[in-house]
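Novice: Here it is: the structure, laid out below.
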Ligand SMILES: C[S@@+](CC[C@H](N)C(=O)[O-])C[C@H]1O[C@@H](n2cnc3c(N)ncnc32)[C@H](O)[C@@H]1O
């Protein structure tokens with residue numbers, strides 16, 4: 001499953017930057033949401049850095065001594081790497097659900113629009129909390145349940161309640177949280193569907209037993225009802241490590 005998700009993102013490398021309006025908007029919002037809490041950090045990790053847009057925004061808005069840019073898609077990571085010669089950015093081709101950094105070593109874990117593909121969000125938060133330093137901050141945005149591409153993809157996105165519960169259960173104290181609905185408009189059905197694919201988000205995380213295929217006609221009906229719009233519900237979360245673990 002993991003390698004299939006990474007493969008989907010690998011295929012999007014050539015089109016990602018031209019089609020990532022949603023991710024860009026979420027990125028700007030997440031940085032603004034983080035700024036009132038803290039703006040200077042020593043060690044920062046950007047999880048699911050993709051083509052490096054989030055690193056660029058974080059560098060412009062925050063003071064960071066070292067940034068570890070992590071992604072399991074080799075081609076997206078390479079694209080990010082080719083955009084910069086900045087020595088304080090270190091690129092790591094890894095699955096961020098695994099423990100990558102030493103315990104208590106990171107001051108900020110930042111992630112824009114990457115956690116929605118993670119099935120075991122409780123395990124992820126537990127792993128991240130261990131890697132964060134005392135008073136370290138976790139700032140992330142992700143797609144939530146209630147987003148329209150899930151009609152097409154049949155993926156189950158997390159609810160904000162589940163995320164909030166899992167943060168608390170895994171040693172985080174919530175500092176700020178909000179949701180936003182972003183609507184993207186397209187000229188026709190094909191463009192609407194292609195927009196999902198161009199950013200690698202045609203990933204399917206449901207298992208093969210999931211029943212109830214959506215036929216093309218049903219799909220057209222749904223999207224015509226939506227007038228070639230995609231409606232995304234995005235959650236923004238800022239939390240700090242509550243205690244040592
Ligand atoms: C929608 S893109 C967001 C990219 C970037 N943060 C941005 O704002 O443009 C999601 C990224 O997360 C990466 N990703 C998803 N799950 C991952 C995992 N478990 N480990 C590492 N990277 C992951 C994908 O390869 C992809 O580059």
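The values are calculated or read from the model by the stated rules, or taken from the named source; none is laboratory data. Bear in mind that the values here come from a model prediction, so they are computed numbers and not experimental data. Here the Cβ is made from the backbone with ideal geometry for all residues, glycine too, and neighbour counts use every protein chain on show.
Novice: When only residues in the range 25-60 that are within 24 Å of residue 192 (Cβ to Cβ), part of a helix (DSSP H, G or I) and touching a helix residue (DSSP H, G or I) at 6+ places or on another chain (Cβ under 8 Å) count, which is farthest from the ligand (Cβ to nearest atom)?
Specialist: Filtering the range 25-60 for residues that are within 24 Å of residue 192 (Cβ to Cβ), part of a helix (DSSP H, G or I) and touching a helix residue (DSSP H, G or I) at 6+ places or on another chain (Cβ under 8 Å), the one farthest from the ligand (Cβ to nearest atom) comes out as 28.
Novice: Scan (1) within 15 Å of the ligand (Cβ to nearest atom); (2) farther than 30 Å from residue 229 by Cβ; (3) modelled with pLDDT under 95 for the single condition residue 153 breaks and write down its number.
Specialist: Against the list (1) within 15 Å of the ligand (Cβ to nearest atom); (2) farther than 30 Å from residue 229 by Cβ; (3) modelled with pLDDT under 95, residue 153 comes up short only on (2).
Novice: Consider residue 80 carefully, then state whether it is within 14 Å of the ligand (Cβ to nearest atom), within 29 Å of residue 182 (Cα to Cα) and either surrounded by fewer than 19 Cβ atoms within 10 Å (Cβ to Cβ) or within 13 Å of the chain's Cα centre (by Cα) (or both).
Specialist: Criteria not met by residue 80.
Novice: Here's something else I'd like to know. Within the bounds of the range 105-123, is there any residue that is surrounded by fewer than 19 Cβ atoms within 10 Å (Cβ to Cβ) and part of a helix (DSSP H, G or I)?
Specialist: yes
Novice: So, of the residues in the range 12-24 that are more than 10 Å from the ligand (Cβ to nearest atom) and assigned to a helix (DSSP H, G or I), which turns out to be modelled with the lowest pLDDT?
Specialist: Ranking the candidates gives 18 first.
Novice: Could you list, in sequence order, all residues of the range 7-24 that are surrounded by fewer than 20 Cβ atoms within 10 Å (Cβ to Cβ) and in contact with a helix residue (DSSP H, G or I) (Cβ under 6 Å, 6 or more places away or on another chain)?
Specialist: 10, 13, 15, 19
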